[in-house]
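*Asks:* Structure in structure tokens, see below.
The values are calculated or read from the model by the stated rules, or taken from the named source; none is laboratory data. Bear in mind that the values here come from a model prediction, so they are computed numbers and not experimental data. So basically every Cβ, Gly included, is an ideal-geometry build from the backbone, and we count neighbours across all protein chains shown.
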Amino acid sequence: TLKGKTAVITGSNSGIGLGVAREMARAGADVVLNSFTDRDEDHALAEEIAKEFSVNARYIQADMSKGEDCRGLIDKAGSCDILINNAGIQHVAPIDEFPLDKWDAIIAINLNSAFHTTAAALPKMRAAGWGRVVNIASAHGLTASPYKSAYVAAKHGVVGMTKTVALETAEEPITANAICPGYVLTPLVEAQIPDTMEKYNMGREEVIKKVMLERQPSREFATVEQLGGTAVFLCSDAAAQITGTTISVDGGWTAL
Ligand code: NAD
């Protein structure tokens, strides 16, 4: 059980982050939700989790594209025993046409934010005498696809940084690992469907099975609950010697 631990999950008002937050709360952890918006429905998500799982849950607005906001999130959270770096965006374009602002935003949100939050969280974990860093990387942290240069670069960077953090904390009761999901049906993936349909001139189901899940041998999306369960496992005693590595939740993608 994670009772008494506080988990901070970046980018957790939808998709995988929200799913991971719910599984953390189910395991007994207090949770801090985050995104860059500050709407009533964001705070309502935290209230729902608090009620459903009888834990403390808060929503803290912070823009993960800004270093000060990343560090401010950890500061405002108070405790941070478990840090889940999940915030991420995607943009698909050939590298010679890749918009500069998209490149910068992807590197900032998908990679730099994890540097800032980890730097701010490690002193708290050391003071508490226990800590877990779980980075939500991607199958694209281990392998590439065309037209996703910024995303693939950022995710490979996250995997590399995870290993470094693990080495810097190796003799302490702190671990750092990355989860590498294949395709998970979330708003991020949903948003890629219309463009992909147009590009390949295919219908929705055909695009899902033949294009998106083409490299996922199970031909099934992973679920946010499965990713949350994997994160909870990495926080368990059984995983205390698992550090500096990746766990793929990708239906066999990286076995191909
Ligand atoms: P999503 O779009 O549902 O969620 C992304 C989250 O990040 C949202 O909560 C969003 O509000 C937040 N976010 C975006 N910009 C932010 C910013 N500037 N500051 C703070 N928060 C911000 O997408 P998702 O699929 O749940 O993706 C979550 C993570 O999982 C990402 O890092 C993504 O790269 C990774 N991932 C997703 C898949 C997949 O198939 N869905 C596969 C591999 C990896």
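*Asks:* Being closer than 18 Å to Ile16 by Cα and either modelled with pLDDT under 95 or in a strand (DSSP E or B) (or both): is that true of Val92 here?
*Replies:* No; evaluated as a whole, the condition is false for this residue.
*Asks:* Right, next: If I ask for residues that are surrounded by 24 or more Cβ atoms within 10 Å (Cβ to Cβ), near the ligand (Cβ under 8 Å from one of its atoms) and of a type in the set (Gly, Ala, Ser), which ones from the range 1-24 would you list?
*Replies:* Gly11, Ser12, Gly17
*Asks:* Suppose the filter is crowded, with 24+ Cβ neighbours inside 10 Å and at pLDDT 95 or above; does Arg132 pass it?
*Replies:* yes
*Asks:* Something else now. Give the residue that is surrounded by the most Cβ atoms within 10 Å (Cβ to Cβ), with candidates limited to residues of the range 215-256 that are closer than 17 Å to Leu142 by Cα and of a type in the set (D, E, K, R).
*Replies:* It comes out as Asp250.
*Asks:* For the range 199-249, how many residues meet the condition of being assigned to a loop (DSSP other than H, G, I, E, B), more than 30 Å from Asp30 (Cβ to Cβ) and of a type outside the set (S, T, N, Q)?
*Replies:* Matching residues across the range 199-249 total 5.
*Asks:* Then there is this: Can you pull out every residue in the range 25-44 that is more than 10 Å from the ligand (Cβ to nearest atom) and in contact with a strand residue (DSSP E or B) (Cβ under 8 Å, 6 or more places away or on another chain)?
*Replies:* Once the filter is applied, which keeps residues that are more than 10 Å from the ligand (Cβ to nearest atom) and in contact with a strand residue (DSSP E or B) (Cβ under 8 Å, 6 or more places away or on another chain), the range 25-44 yields Ala25, Ala29, Asp30, Val31, Val32, Asp38, His43.
*Asks:* What is the one condition in (1) within 18 Å of Gly244 (Cα to Cα); (2) crowded, with 24+ Cβ neighbours inside 10 Å; (3) of a type in the set (A, V, I, L, M); (4) within 11 Å of the ligand (Cβ to nearest atom) that Ile106 does not satisfy?
*Replies:* It is condition (1) that Ile106 fails.
*Asks:* Given (1) surrounded by 17 or more Cβ atoms within 10 Å (Cβ to Cβ); (2) small (Gly, Ala, Ser); (3) closer than 30 Å to Gln241 by Cβ, where does Ser149 come up short, assuming only one miss?
*Replies:* For Ser149, the failing item is (3).
*Asks:* With the structure loaded, tell me whether Ala27 is aliphatic (A, V, I, L, M), surrounded by fewer than 24 Cβ atoms within 10 Å (Cβ to Cβ) and without any contact (Cβ under 8 Å) to a residue 12 or more places away in the chain or whether it fails that test.
*Replies:* Answer is no for this residue.
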